[in-house]
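Colleague: Structure below; questions to follow.
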Amino acid sequence: MDTSSSTSASAPTGLVGALRALCDGLLASGARRIELFSLELKEEKVRMIQIFIWISAVVVSGVMAITFTSLALVYVFWESARLAVLGGLALFYVAACVAVLIAFRRYLARQDAPFDATLAELRKDRACIRTEN
């Protein structure tokens, strides 16, 4: 019984074996990156849905509060200072809108970039390949 034939059949050597090992490594690395990307994509989808729900809740409750507060104030001051109250409310709402826009921009600036972990892993892979040459 020849042991060299069983060894060569299970693990080919030479150029073909090296190419197979390289392809296997590339495919395994690619599969891991795709799995990581898929996981991050799911997280981003959940985060976007949560943001949409929060924004919707804020908008609905804000519109209701603004509407009824404005109506109550105008009703209370209908006889004495209706135009002053309407002007004051308008200025207040503009200031509130600007404050909310500034806060929302700050919130967006604090968010991590989408797929940051995938990009970091790809940068590590490139650095690894560059140092091996």
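Colleague: Work through the residues other than Glu40 whose Cβ is under 12 Å from its Cβ and net out their charges, Lys, Arg +1 and Asp, Glu -1.
Modeller: So the environment of Glu40 carries a net charge of -2.
Colleague: Local charge sum around Ala99 (other residues, Cβ-Cβ under 15 Å, Lys/Arg +1, Asp/Glu -1)?
Modeller: Counting the neighbours of Ala99, the net charge comes to +2.
Colleague: Quick check: net charge around Ala120, other residues with Cβ under 12 Å of its Cβ, Lys/Arg +1 and Asp/Glu -1?
Modeller: -1
Colleague: Tell me, what does the Kirkwood hydrodynamic radius of the chain come to in angstroms if you use every pair of distinct C-alpha atoms?
Modeller: It works out to 21.5 Å.
Every read-out reported here was derived from the displayed coordinates using simple, explicitly stated rules and does not represent laboratory data. Fair warning: this is a prediction, and the values are worked out from it, not measured in the lab. Cβ atoms come from the backbone with ideal geometry, glycine included; neighbour counts cover every protein chain shown.
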